[in-house]
Amino acid sequence: MTPALPTATDDTVTAWALAAAAGDSEAVDRFVRELQRDVRRYVAYLADDVQAADDLTQDTFLRALTALPRFEGRSSARVWLLSIARRAVVDSLRRAACRPRTACTDDWQAAAERAQPTGLPGFDEGIALWELVDSLPGERREAFVLTQLLGLPYAEAAEMSRCPVGTVRSRVSRARTALAEWAADESVPRHPAERAAA
C-alpha cells in the first residue's frame, strides 16, 4: 500500500491554520478538509477501533478549532493537529477503561464481521493488512502508520511521538520486518488473540 500523498504542503497547511487563527473562515474550511483524512486514519490505527474513528476525528477537530487562536506556527500545523489527535485517543482510551462494557452477544468478533460491508474490491486484502498492522506493538504501529501510511517525515513522526528520529526509524524497520515475515508465513495467525494462543 502506498502512502497517500498530501495535496498541500505543510507550509500551506500551516499558513491556513494561521489564517484560520486570525478568523478566516475559508482557511478553517481548507485546513479541516486537507487534514481530515490523515487524522481519521491516524486515530483509527491508534485507537485500534475503526468504529470510533469518526468520533475521535470530530473530537480532534473540536479541540483544534478551540485551540487554534493560540496556534503560533512554531511547528507544522499537521504535526500540531496529529498531536492533538493523539491526546484525544489517549483520553478516549482512559475513559473507556473506566467504564464496563456490555454486549448482547457472546461472539463479538462474528457480530463485528457481519456489520462490515463485504464483497468490495480489496476488502479481504484490506482486512488482512489491518490485522497485520493491528498485531504490531503500539509504538511500532504508531511509527509505521505515521510514516508509511500517512507519509509524515521521520522527524515529524519523532516530534509527535516524543522520541528521537533514530528510534522512529528503528520502530518502522522492525515493523516492516515483522509485517513482511507475517505476510510471507501463512501459518502465522493473523489476529493478535490467535497469535497469543499459538
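The values are calculated or read from the model by the stated rules, or taken from the named source; none is laboratory data. Every value quoted in this text rests on a predicted model; they were computed, and no experiment measured them. Quick reminder, even Gly has a Cβ in these numbers, built from the backbone with ideal geometry, and neighbours come from all protein chains shown. The protein model used for the area step is the full one, side chains on, heavy atoms only, and it has no ligands, DNA or RNA in it. Shrake-Rupley method; radii C 1.70, N 1.55, O 1.52, S 1.80 Å.
Just a few scattered comments:
- Sub-8 Å Cβ pairs linking a first residue in the stretch 162-184 that is under 9 Å from ARG140 (Cβ atoms) to a second residue that is of a type outside the set (Ser, Thr, Tyr) and outside any helix (DSSP H, G or I), at least 6 apart or interchain, are ALA175/LEU136; ALA178/LEU136, ordered by first then second residue.
- Taken over the stretch 135-174, the criterion of being assigned to a loop (DSSP other than H, G, I, E, B), of a type in the set (A, V, I, L, M) and more than 19 Å from GLN36 (Cα to Cα) is satisfied by LEU136 alone.
- Close pairs (9 angstrom Cβ cut-off, 6 or more residues apart or separate chains): more than 10 Å from ALA88 (Cα to Cα) in the stretch 56-71, small (Gly, Ala, Ser) and open to solvent by 70 Å² or more (accessible area, probe 1.4 Å) anywhere: PRO69/ALA22
- Lone qualifier among PRO192, PRO153 - being within 30 Å of ARG63 (Cβ to Cβ), at pLDDT below 80, within 21 Å of the chain's Cα centre (by Cα) and surrounded by 12 or more Cβ atoms within 10 Å (Cβ to Cβ): PRO192
- Any chance VAL90 is among the β-branched types (Val, Ile, Thr) and crowded, with 16+ Cβ neighbours inside 10 Å: no
- The stretch 30-49, residues that are farther than 27 Å from VAL133 by Cα and open to solvent by 70 Å² or more (accessible area, probe 1.4 Å): ARG30
- Residue in the stretch 94-111 that is of a type in the set (D, E, K, R), loosely packed, with under 12 Cβ neighbours inside 10 Å and modelled with pLDDT of 90 or more present: no
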